[in-house]
Amino acid sequence: MADTAIFDKKKSHRAKHAGRKAEKKKKKNQVDQSNLSARQRNPKAFAIQSVVRAERQFRRKEDVIAKKQHIPQVDKTPLEPPPIVVAIVGPPRVGKTTLINNLIKSFIKTNVTNTNGPITIVTSKKRRITLIECNNDINSMIDIAKCADLVLLLCDASFGFEMEIFEFLNICQVHGMPKVMGVLTHLDMIKNAKKLKMTKKTLKHRFWTEVYQGAKLFYLSGIIHGEYLRNEIKNLSRFISVMKFRALSWRTSHAYILADRMEDITSQDNIRKDPKVSRDIVLYGYVRGVPLMKDSMVHVAGVGDIKISDLSYLPDPCPLPSSERKRHLMERERQIYAPFSGVGGIVYDKDAVYIELKGSHSHKTEDEETNEKKTLLKNVVDTKETIDEQMKETGFKLFSGGAVIYPDMVKDDEYLKQNKNNDESSAESDVETDSESENDSGIDHTEKLPWDNNFDSENGEDVDADDKDNMSNKNEQSSDEDDQSSDTNEEFGAKWKEKLSERATMAYFDRQKTSKNIMKLIYGDFEVGNKVKDQNNDPSEESEEEIGGLFKRVTNSQKRKQKLKDQLDTDECSYFYALNKPLIKDWTNDANRQILINNFVTGKRSADEDAEELLKLDDASDGDDEMYGDFEDLETGEKHKAKEAENDNEVGLKRKAEPIKSEILDKKMKLKAKFDAEYDNPDDHRIKGDHSYYENLKAEALKQSELNKSVFENLDEGLRVEVEGFRSGLYVRMLFKGMPSEFVTNFDASYPILIGSLNMAEQNIGFVSCKVKKHRWYKRILKTNDPLIISLGWRRFQTLPIYSKIEDDLKCRYLKYTPEHVTCNMHFYGPVTPQNTGFLALQTVTNSSTEIKQLGFRIAATGSVNEINKSTQIMKKLKLVGTPLKIYKKTAFVKDMFTSTLEVAKFEGARIKTVSGIRGQIKKALNKPEGAFRATFEDKIQMSDIVFCRTWFKVDVTKFYAPVVNLLLPLGNKNAWLGMKTKGQLKRENNIRNEANTDSMYTEIVRQPKVFKPLVIPKQLQKGLPYKLKPKNNRISTTNKKGKHEGRIAVVKSQYEQKVSKVMKMVRTNYNKKKKDQRVAAQERTSKFKRQQEEDEWRKLKRQKELKKKICRQLSKMSSKKKPQM
């Protein structure tokens, strides 16, 4: 049985591990890894090997991300932004003009011979740039730094960075740093390759130090045929085309314009009469920054503050490439606009068209079109009479074959004059007949008003027809009267009374139609829907039929449209009604009054907007009973209880049902999904930082910018300009009246004309407090009340600053000079500017080489505005000095501190102090001497002490404000503006030496020795003292020479004794002289002997040396002989 069981057992299936089927199955079960990332295919390879290294990598990555982040700003750039201002800055002769010409040729394939002023070119479909060259003038550098978006900083590599480059970078740092790109030229002057490489590296790192690490620096290796290498210029132009810009705070709060065109529209007669008359100037340019409002005050840099007389926008002279189809293939869009450089075609002004004629060779290729243009232009130029003079000489015929009518004939017509007199008399009679008329309103009973409810089109047409018949009859009558006017004048007095009420009604309607429109008064005339509003022209005039070439037939549809238009335009007046006229609304009626009530907020404006129903719903939703519940009125004692619920079932329905298990599970799953979304990274399974706050800020800024663009997007252009202002990107025309004539006569296109708008507060002038620091490269220190030229906001002006330092008690202490390497306060009188606005200070703006060599770096100080006050509190320390007159223990009389008793009275109770540090107080004035006072001290003072009183007095800031008007200077001296000179400059120019103040000079102090009184010991005390301490009166002092010989007898010699003593003195003198001579001779002998000994010793040593040399030479020879030869 067991054997059979073994044989009956079936074999288990063994799957194939090799072969075609096995591979097929493997491929079938295998996951497709073609779409998987490397991390998903091999997760172990990307696992964290070291926690510390992973933390470092994560920290570094977050640091890099955080460095790139900046506070998101709302993008205020319009859909068509203004051209980007690219300023080319550098010292003289570094290749600025060549670079501009090459960039223009690279962008638009055009050569420009002259590069004066701004040059606007189209670089791509969505970008234009304005190239402007900066002069080697500190005023131009400041103005360019305030408006430039991108600065190309040129440097001569063979020479290195010059001082002008560092000055311009410092100006940019103060007024808002634009994008700066360095360009190295003259590299072909360096022939050695190794030196060239080292120069590039050195200049690059120095440039990075000044701008920022990694700033872009271009190399222009050389010039071929007057042009830089095409590849290098193309590379530079690509960088300019894709550069992104960040808005600066000052430019996002102010509108500004870089003028690219100037016109003088002053009357030539006025200029001929007075060449110095104030001019009317028109400046053109693109608005930048925020929208520019009409009638706003602006500052023209280099001229001063001035108000815009007229502001309007013009078509863009250099528009972006449009998507519209061209008329023919030869038509090209304008790609360059540079009026100051003489480049441009036809320029459209508000009241003129400027045509640029071709060169001298244009006559060779003339066609019909050019000939026609020439004739038109010639007719315009040859015109010598005005339009008014031509109109006086022209006449016209009303009918064919009739007489020609001239303007003089119409003026001299007697009938017209008489009719005018009749109108005046009728106006007087109207006043008299107002009280007599039965109907005060003056409306005709047969006439229908356009605002009546029962007014329909049919009735309106009938009324129109009747009105026209009446008017035609009236015209016929008036024409008949004209014929008979010369014969009978009595008929006029009778006919003016006819239909008086009708004429009054029609006059009222005319006045109502021509009433002032509030919208028109505020915003002026504007275009609505690209159609100019014109009352005289109707759209229906095109289809009107002419009758006999003189009259036109009006159709019914046109009459209906005109009537509806009049009905809408006419103002409704509730006073013109009559009780006997059913067609006119009676506003005393309740039904009509209800119409007026419903027009108010509390009325029923429509079926779904009833104010009463809405108020009831609001009261019902308040739920006052549930809010307050039970309460007791404490004054009356009443108890108020909340209303109980009527139905418990309703309360049960409101109560929430208990949650089911499935709902709780769903809630938990949602929370888990939210948690996983926040903390898991299913995409690439990498650890990421939390950047949600920054992303939210960016999203808010983006949302706000989109909202700003969409608000005025659908408005009409004229209305949008009136409401929003002239937005950034519009090309505007500004008229300035009263401009100085020097601006035109001394105009130089190479100097930039920067026009900056002023906010309301910036138009005032007051005291400005600033925080300032002297520049460490400036050689001199700044002195208080020395004139200083300050560039603040759009302005450049000269003022007299006062420096101060804030003490611990918040008092501004007066400083005579600026401290070294420390900030201090500066107060000056100038234009009020917002806080934190940067400024820079210069002592001179002249470009003379001698002053530049003396100064080196011209920027004297930099700082920012702290606060704006109408008044300042700067206190200066003053020490009042006096000397003691009499001293009585701790009381003393002090003189020479004050000059009068009144001054002492003002200072009663003030604290005083001696030089030795003894404090005191002023008590009361003395009668004599004048100005002396009594003072008490904490200790007895000496007569030699000096008493002083520390006081503070206010220092006033000098009200001096002088704008820098360099654009009004002559052509050669625009960089030589001189304002107020310092006292030192005037003395040097006039060779005046400063007189020395004796009090300020350092003199040798000679102090007399203090003489003390002798010590007096009482006799009673002397008795008790030991002998050595008792005073000895007969002791001779060795130190006192005068007291040495006291008590000795004087010896007087006789004549013989005097001769003997004289002889002895002579013998003694001879002996001393002989001894002295012997001593000198002995010294000479000794020195001579020593010199002889030294010479003998030196000879001996020399002989020994020679002997040693001979012995050594012999020994060496002997040793060489003994050696065996190999």
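The values are calculated or read from the model by the stated rules, or taken from the named source; none is laboratory data. The structure presented is a predicted model; accordingly, all values stated were derived computationally and were not measured. A quick note on method: Cβ atoms are made from the backbone with ideal geometry, for glycine too, and the neighbour counts reach across all protein chains shown. Ligands, DNA and RNA are excluded from the accessible area calculation, which covers all protein heavy atoms including side chains. Shrake-Rupley method; radii C 1.70, N 1.55, O 1.52, S 1.80 Å.
Overview of results
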{"read-out": "Residue in the range 31-46 that is assigned to a loop (DSSP other than H, G, I, E, B), of a type in the set (Ser, Thr, Tyr) and either on the phi > 0 side of the Ramachandran plot or free of Cβ contacts under 8 Å to residues at least 24 places away in the same chain (or both) present", "value": "yes"}
{"read-out": "Of the criteria (1) in a helix (DSSP H, G or I); (2) surrounded by fewer than 16 Cβ atoms within 10 Å (Cβ to Cβ), which one Gly738 fails", "value": "(1)"}
{"read-out": "The range 255-274, subset surrounded by 20 or more Cβ atoms within 10 Å (Cβ to Cβ) and assigned to a loop (DSSP other than H, G, I, E, B), residue nearest to the chain's Cα centre (by Cα)", "value": "Ala259"}
{"read-out": "Unique match (being surrounded by 13 or more Cβ atoms within 10 Å (Cβ to Cβ) and part of a helix (DSSP H, G or I)) among Ser237, Ser221", "value": "Ser237"}
{"read-out": "So Asn785, is it open to solvent by 10 Å² or more (accessible area, probe 1.4 Å), under 20 Å from Met875 (Cβ atoms), touching a residue at least 12 places away in the same chain (Cβ under 8 Å) and out of contact with any His (no Cβ under 8 Å at 6 or more places or on another chain)", "value": "yes"}
{"read-out": "Residue within the range 959-970 that is farther than 30 Å from Asn136 by Cα and not in a strand (DSSP E or B) present", "value": "yes"}
{"read-out": "Cβ-Cβ under 9 Å pairs, at least 6 apart or on other chains, the range 955-974 side under 30 Å from Lys811 (Cβ atoms) and open to solvent by 30 Å² or more (accessible area, probe 1.4 Å), far side modelled with pLDDT of 90 or more and small (Gly, Ala, Ser)", "value": "Tyr961/Gly830"}
{"read-out": "Test: Thr846 is part of a loop (DSSP other than H, G, I, E, B) and open to solvent by less than 20 Å² (accessible area, probe 1.4 Å)", "value": "yes"}
{"read-out": "The listed residue being farther than 30 Å from Leu153 by Cα, part of a helix (DSSP H, G or I), open to solvent by 100 Å² or more (accessible area, probe 1.4 Å) and outside the structural domain of Leu187 (by TED's automatic domain parsing), out of Lys21, Lys67", "value": "Lys21"}
{"read-out": "In the range 47-64, the residues that are more than 44 Å from the chain's Cα centre (by Cα) and either assigned to a helix (DSSP H, G or I) or surrounded by 13 or more Cβ atoms within 10 Å (Cβ to Cβ) (or both)", "value": "Val51, Val52, Arg53, Ala54, Glu55"}
{"read-out": "Any hit, the range 1005-1012, residues being outside any helix (DSSP H, G or I), open to solvent by less than 80 Å² (accessible area, probe 1.4 Å) and either outside the structural domain of Asn785 (by TED's automatic domain parsing) or modelled with pLDDT under 85 (or both)", "value": "no"}
{"read-out": "Test result for Asp75, over 30 Å from Arg127 (Cβ atoms) and either open to solvent by 100 Å² or more (accessible area, probe 1.4 Å) or modelled with pLDDT under 90 (or both)", "value": "no"}
{"read-out": "The range 904-919, residues that are part of a loop (DSSP other than H, G, I, E, B) and not hydrophobic (A, V, I, L, M, F, W, C)", "value": "Glu908, Gly909, Ser916, Gly917"}
{"read-out": "Long-range neighbours under 8 Å by Cβ, at least six apart or interchain, first residue without any contact (Cβ under 8 Å) to a residue 40 or more places away in the chain and under 20 Å from Ile108 (Cα atoms) within the range 220-246, second open to solvent by less than 40 Å² (accessible area, probe 1.4 Å) and outside any helix (DSSP H, G or I)", "value": "Leu229/Leu220; Leu229/Gly222; Glu232/Phe218; Glu232/Leu220; Asn235/Phe218"}
{"read-out": "Qualifying residues in the range 991-1004 (those that are open to solvent by 100 Å² or more (accessible area, probe 1.4 Å) and within 26 Å of Leu788 (Cβ to Cβ)) - the one modelled with the lowest pLDDT", "value": "Asn994"}
{"read-out": "Meets criteria (within 22 Å of Ala148 (Cβ to Cβ) and among the acidic types (Asp, Glu)) for Asp260", "value": "yes"}
{"read-out": "Residue count, the range 113-126 (criterion: open to solvent by less than 40 Å² (accessible area, probe 1.4 Å) and either farther than 10 Å from Ile336 by Cα or not β-branched (Val, Ile, Thr) (or both))", "value": "3"}
{"read-out": "Residue in the range 191-198 that is touching a strand residue (DSSP E or B) at 6+ places or on another chain (Cβ under 7 Å) and crowded, with 18+ Cβ neighbours inside 10 Å present", "value": "no"}
{"read-out": "Condition check for Lys879: charged (D, E, K, R) and over 27 Å from Lys779 (Cβ atoms)", "value": "yes"}
{"read-out": "Matching entry among Phe166, Phe207 (being crowded, with 21+ Cβ neighbours inside 10 Å and either assigned to a loop (DSSP other than H, G, I, E, B) or among the aromatic types (Phe, Trp, Tyr) (or both))", "value": "Phe207"}
